[in-house]
Structure formats: C-alpha cells, structure tokens
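Report on one structure; see the data block that follows.
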Amino acid sequence: MSNIELRLIKKDELEEALHLEQRCYVPDAAATREGFRYRFDHYPGYFWSAWSGDKLLGITNGIRTSALSCGDEMKGDQQDDEEGNNFCILTVAVADEARRQGIGAMLLNKLVKECDAAGHDAIILMCEPHLIRFYEQAGFAYIGVSSSSHGGIEWHEMRRTLHIMEHLTK
C-alpha cells in the first residue's frame, strides 16, 4: 500500500479508533471507551495510527508497566505503571480491507522504535495463536501460553527485549 501515513492519534479520532478495535476483537476482548481514553491521556506518545487519506486503517497502543508478562492481571489498564521499564501492547488492530499489506508491521515497528528510544527494557504482549509467527518475524520471542483467558481466548505471551547491546555489556 502506498501513501500510508503513520501518526499519533488525535483526541477527536478516539471514537473512530475504538470502532476499529471493536471490529477487530471479540466484544469481551475489545477495549472500552474508558480504556482508550485512559491510554490516550496517560500514554499519548504510544497511541499510533495508520491512515490513507482520511481513512483509518490501523492502530496500536498500550501501557507502561513493571510487569514481566501480561497474564490475567493485564486485563484493561489495571497494571499500568507510568514509571515501569516495560511496555505492554494492548492493541494492534488493522481494518479488514487493509490486512496483509504490511500496515500492522509498520505500526508495530513504529511502536518498537518509540519504546526503544524511551529506554524501555522490553515490550510484552499477548496474542492469539495465529499471530505468533507475525510477532516472531517482528523480533518477539515466544514465551508460552498465557494464564489469561480474557475474552474467552487462548492467549500466548510474547516478549521483545530492547537495547540489547546495553544488556550484553552489563
């Protein structure tokens, strides 16, 4: 896809972003309006969107945390820690008509760069089984089946360690 613009979401676009999330996740796993507002208010530099003209094609967002894995405690935004050294991705959502065109990878790459630049130690997430390979290709390591069954889904934990050279020299 050409002419894709990646940019931080704007407050007046949150409702549109929420509708995209709700189309991409089962109702019990989708974020709430309050959850989106919370993420936007507390972590605006991590709420990325992909656009083609005025059409929203994808979003990604999450929270800072001290947790080492997502698990059941990561439902919603309960385990956020604005001083935490890890970042938990809570959403990667791409519109049906824009899937398999690299938009999810573009958004994920942008978020990884932001987290690395901010000095986070790692990025953690939970994904469905069919997305494990996608995240592995993006540099995430498979951890295992999550203790979470949020939304009635079998989630799998993934982790990407950042600024590896610093860790190797310590």
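Within the range 85-105, residues that are more than 19 Å from Glu5 (Cβ to Cβ) reach partners that are open to solvent by 20 Å² or more (accessible area, probe 1.4 Å) and part of a loop (DSSP other than H, G, I, E, B) with beta carbons closer than 6 Å, at six or more positions or on different chains, in the pairs Asn85/Asp121; Asn86/Asp121.
Scanning the range 82-94 for residues that are of a type outside the set (D, E, K, R), surrounded by fewer than 20 Cβ atoms within 10 Å (Cβ to Cβ) and under 12 Å from the mean Cα position of the chain (by Cα) turns up nothing. Mind checking whether some residue in the range 18-38 is modelled with pLDDT under 95, out of contact with any Gly (no Cβ under 6 Å at 6 or more places or on another chain) and on the phi > 0 side of the Ramachandran plot? The answer is no, given that none of the residues of the range 18-38 is modelled with pLDDT under 95, out of contact with any Gly (no Cβ under 6 Å at 6 or more places or on another chain) and on the phi > 0 side of the Ramachandran plot. Among the candidates Met126, Met158, the residue that is under 24 Å from Arg37 (Cβ atoms), under 12 Å from the mean Cα position of the chain (by Cα), at pLDDT below 95 and surrounded by 13 or more Cβ atoms within 10 Å (Cβ to Cβ) is uniquely Met126. There is at least one residue in the range 27-50 that is outside any helix (DSSP H, G or I) and loosely packed, with under 13 Cβ neighbours inside 10 Å. Scanning the range 130-155 for residues that are of a type outside the set (S, T, N, Q), assigned to a helix (DSSP H, G or I) and at pLDDT 90 or above returns His130, Leu131, Ile132, Arg133, Phe134, Tyr135, Glu136.
Looking only at residues in the range 6-17 that are more than 24 Å from Asp116 (Cα to Cα) and touching a Ser or Thr at 6+ places or on another chain (Cβ under 8 Å), the one that is most open to solvent (accessible area, probe 1.4 Å) is Glu13.
The values are calculated or read from the model by the stated rules, or taken from the named source; none is laboratory data. Since we're looking at a predicted model, the values are computed, not measured. Don't worry about glycine lacking a Cβ; one is built from the backbone with ideal geometry, like all the others, and counts go over all protein chains shown. Surface accessibility is based on the protein's heavy atoms, side chains included, excluding ligands, DNA and RNA. Shrake-Rupley method; radii C 1.70, N 1.55, O 1.52, S 1.80 Å.
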